Amino acid sequence: MNNTVQGRTGPASSVSAAASGSAVAVLDVRRMGVSFEDGGKAKEILRDVSFRISAKEFVCIVGPSGAGKTTLVRCLAGLSRPTSGSVLLDGEPVVGPPARLALVAQDYSRSLMPWLRVRDNVRLPLRGKGISAAEQNARVARALGAVGLPGAEELYPRQLSGGMQQRVSIARALAYDPEILIMDEPFASVDAQTRAELEDLIMQLQRASQLSVVLITHDIDESVYLSDRILVLGGRPAGILQEYAIDLGRTRDQLETKALRQFAEYRSEVFRSIQAASAMMRKDDRP
Amino acid sequence: MSALAEPGPEGRAVRPAPLSAWLRGVLIHGAFFLAVIGTYSLALVLDPGLRRFLPTIGELLQALAGLAVDPQFWSGVGATAKAAGLGLAISMVGGSLVALLLATSTRVYDSARFLIDFLRTIPPLALIPVGLLLLGPTTRMEVTLIVASAVWPVVLQVYYGIVHLDPKYLETARSYRVGRLLQIVFIVAPGVAPSFGTAFRLAASMTLLLAVGTELLAGSDGLGFLIGWYQQARRLPEMYATIIVVGVLGIALNAAIRSAERRLFAWAEETR
C-alpha cells in the first residue's frame, strides 16, 4: 500500500480546486477520499479528489477503466458516503441522494422497471412528493416530448429499442426537475448512430435549461465534443490528474465540430493524459 | 420518432395467437383424442375379457352423467376442493413468510438450506402414516400433509424471486428519493409477483395431487376416497369417471393459472 502512495507521480491531483473559479459552484467536491475494507485490508480507491461544477456547466469526467469512476458517481449522487472530505451541493453537504440531483445510469434495462409502463417509470420519482397527479402527468408528457418520445406513455420498456429506453431514463431525470444531472456512461450500451443522437439530445437539453451536467465516459471524442471542461481521473488511488477547458463554443455539430483542428488537439491532449494515467496505474498494480 | 409505431420483436407477447393457429391446435388435439378413444373401443371389442376391469366409452359417459347428479360426488368435490384450497392458501402464506425470513440474510439461508432440502425430498405419501397416527383420517390431517409437501416449492420460488430482484431497481428508486412504502408497492411487489405466480401454479397442482392421494390412502373425505370406495364396491365405471374428473380438474387448474400468469406478467415473458 505504501508503495502505491510513493509511486504516485504525474500531475498534481488537486489542480482543480482553485482552477474553476468564477461562477457559483453547484457541486463542490472537497478533498474527497474513499476507502473500502476488502478482506481485512483497506483499499483506497479515491484520494484528495477536488473539483467544482458551476451552474449551466457541462463537465465530462474521463479516465481509464478501473479508475474509480463509478465510486465517484455514487458519492456525487449520495448513494455512498466518502470516507474523507466532503461533497457539497449548493453549499449543503450531501449525506443522501439530494432532491435536486438526478442520476442516469449506463444500464437502462436495469434502471427502468420492466413491469411499469413508460408513464409510470417516468412518474415514479414524482410520487409521494406532494405533486398533484395532474401535474405529475403534465411533467411526464413534457419530459417525454423533450426527449423525442411524445405519446410513449402507455408502452412498456421492452417495446422500445435500447436508445429509446435510454431516452426514457433521461426523460425520467428531466421530469424530476434537477439542477444537476449526473450521467454514468449513459451512452455506452447503444450503437454509434444512436449514441451521436443522444449526445446531441443531451447537449441541446442542457443548453436550453439551467442544468449542470456531469457525464462520466471513457470515450475521449465524446468528452471533447460535449464538455465545457474535462476532468481526467486516474492513479492508484485515483485523483483528478488533469483538467482541460474545452473552448469550442456552445453550438456544436457532430461533423463540423469534430472536423475542427482544435478538436483534434484537445482530443490528443486528453488521450495522452489518459494513456499516462493508465501506464501509471499498470505500474502501480505490479506487485 | 416514427419507429415508435412498431414495437420491437419482443412486442409479440401482447398479441393473441391468430385464430387459424388456434383452430389448428383444436383440430390436432381433437384428432388425437378421437384416435385414443377409437383404439380403446377397438381393444375392448377385440378382447371382451378386458371388460372385466375396463368400462366401455358408453358406460363411462353414463357414469359421468350419473356423477353429475350425485350429491355424494359433489360433496366429494367440495371436500377435496376445501382441503386442497386450504392447503394451498396455507402453503402460499406460510411459504412466502419463510422465504422472506430466508432472504433476510445469506447466513439464515445457508443454515436452513440443508433442512429444507431434506424436508422437501421426503416423498409426500411417506408422511401419511405419521399424519394418521397423530391426527387420524380427518381434513385437518389431510391439510397438514398437503402443506408439509406443497410449502417447499413456494419457499424456494418466492425466495429466488426476492433475492434475484435486481438491487439496481431499488438503488434507482433510492437515488430519486422514492420512499420505502412506494418502493415496496412499485418495485418489490411487482418484481417478485411472477415468482409468486409460478409458486402458486406449482403448489396448486401439487395440492390437488396430494389431496386426492391422501384421501385415497388415508380415507379422509373427498374425491380420492370416492375412487377407493367405488373400486371396493366394484362400481368401476364410476371409479374411472372420478379419476377422469380429477385429471381434468388438474389440467384446467394449471391452464387457468398459466393464462392468468401470461396476462399479468407479460413483461416478464422473455425472462422465463
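The values are calculated or read from the model by the stated rules, or taken from the named source; none is laboratory data. Since the structure is predicted, the reported quantities are computational estimates derived from the model, not experimental observations. Methodologically, a virtual Cβ is constructed for each residue, glycine included, from the backbone with ideal geometry; neighbour enumeration extends over all protein chains shown. Ligands, DNA and RNA are stripped out before the accessible areas are found, and what is left, the full protein with its side chains, is counted by its heavy atoms. Shrake-Rupley method; radii C 1.70, N 1.55, O 1.52, S 1.80 Å.
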Q: For region B:167-201, name all the residues that are charged (D, E, K, R), surrounded by fewer than 16 Cβ atoms within 10 Å (Cβ to Cβ) and either at pLDDT 90 or above or on the phi > 0 side of the Ramachandran plot (or both).
A: B:Lys168
Q) When you go through (1) open to solvent by less than 50 Å² (accessible area, probe 1.4 Å); (2) within 25 Å of B:Phe186 (Cα to Cα); (3) of a type in the set (Ser, Thr, Tyr) one by one for A:Thr71, which number turns out not to apply? A) (2)
Q | Which numbered condition A:Pro97 fails, given (1) open to solvent by 60 Å² or more (accessible area, probe 1.4 Å); (2) modelled with pLDDT of 90 or more | A | (1)
**Q.** Residue in region A:74-85 that is nearest to the other protein chains (Cβ to nearest Cβ), counting only those that are under 20 Å from A:Pro178 (Cβ atoms), crowded, with 16+ Cβ neighbours inside 10 Å and touching a residue at least 40 places away in the same chain (Cβ under 8 Å)
**A.** A:Ala77
Q) Could you say whether any residue in region A:105-113 is crowded, with 18+ Cβ neighbours inside 10 Å and among the hydroxyl-bearing types (Ser, Thr, Tyr)? A) yes
Q: Output yes when any residue across region B:25-40 is in a helix (DSSP H, G or I) and either in contact with a Phe, Trp or Tyr (Cβ under 8 Å, 6 or more places away or on another chain) or among the hydroxyl-bearing types (Ser, Thr, Tyr) (or both), and no when none is.
A: yes
(Q) Please verify whether B:Phe73 is of a type outside the set (Val, Ile, Thr) and over 23 Å from the mean Cα position of the chain (by Cα), treating the condition exactly as stated. (A) no
Q) Restricting the search to region A:115-154, which residues are within 12 Å of another protein chain (Cβ to nearest Cβ), farther than 19 Å from B:Leu181 by Cα and either surrounded by 19 or more Cβ atoms within 10 Å (Cβ to Cβ) or touching a residue at least 40 places away in the same chain (Cβ under 8 Å) (or both)? A) A:Val118, A:Leu144, A:Val147, A:Gly148, A:Leu149, A:Ala152
Q) Which of the residues spanning region B:176-219 are within 24 Å of B:Pro137 (Cβ to Cβ) and in contact with an Asp or Glu (Cβ under 9 Å, 6 or more places away or on another chain)? A) B:Leu210, B:Ala211, B:Thr214, B:Glu215, B:Ala218
Q.
For A:Thr71, only one of the following conditions fails: (1) more than 18 Å from the chain's Cα centre (by Cα); (2) without any contact (Cβ under 8 Å) to a residue 40 or more places away in the chain; (3) more than 9 Å from chain B (Cβ to nearest Cβ). What is its number?
A. (1)
**Q.** Complete set of residues in region B:224-272 that are open to solvent by 30 Å² or more (accessible area, probe 1.4 Å), over 25 Å from B:Thr139 (Cα atoms) and acidic (Asp, Glu)
**A.** B:Glu269, B:Glu270
Q) Of (1) away from chain B (no Cβ under 14 Å); (2) open to solvent by less than 30 Å² (accessible area, probe 1.4 Å); (3) out of contact with any Leu (no Cβ under 8 Å at 6 or more places or on another chain); (4) not aromatic (Phe, Trp, Tyr), A:Arg158 satisfies all except one. Which? A) (1)
Q.
Looking at region B:156-166 only, could you name the residues that are open to solvent by less than 40 Å² (accessible area, probe 1.4 Å) and either aliphatic (A, V, I, L, M) or away from chain A (no Cβ under 14 Å) (or both)?
A. B:Leu156, B:Val158, B:Tyr159, B:Leu165
Q. Taking helices (runs of 4 or more DSSP H) that do not extend beyond region A:169-287, which have at least 3 residues that are open to solvent by 40 Å² or more (accessible area, probe 1.4 Å)?
A. A:192-207, A:256-259, A:261-285
Q: Could you give me the residue pairs with C-beta distances under 7 Å whose first residue belongs to region A:249-272 and is closer than 22 Å to A:Gln206 by Cα, whose second residue is at pLDDT below 85 and in a helix (DSSP H, G or I) wherever it lies, and which are 6+ apart or on separate chains?
A: none
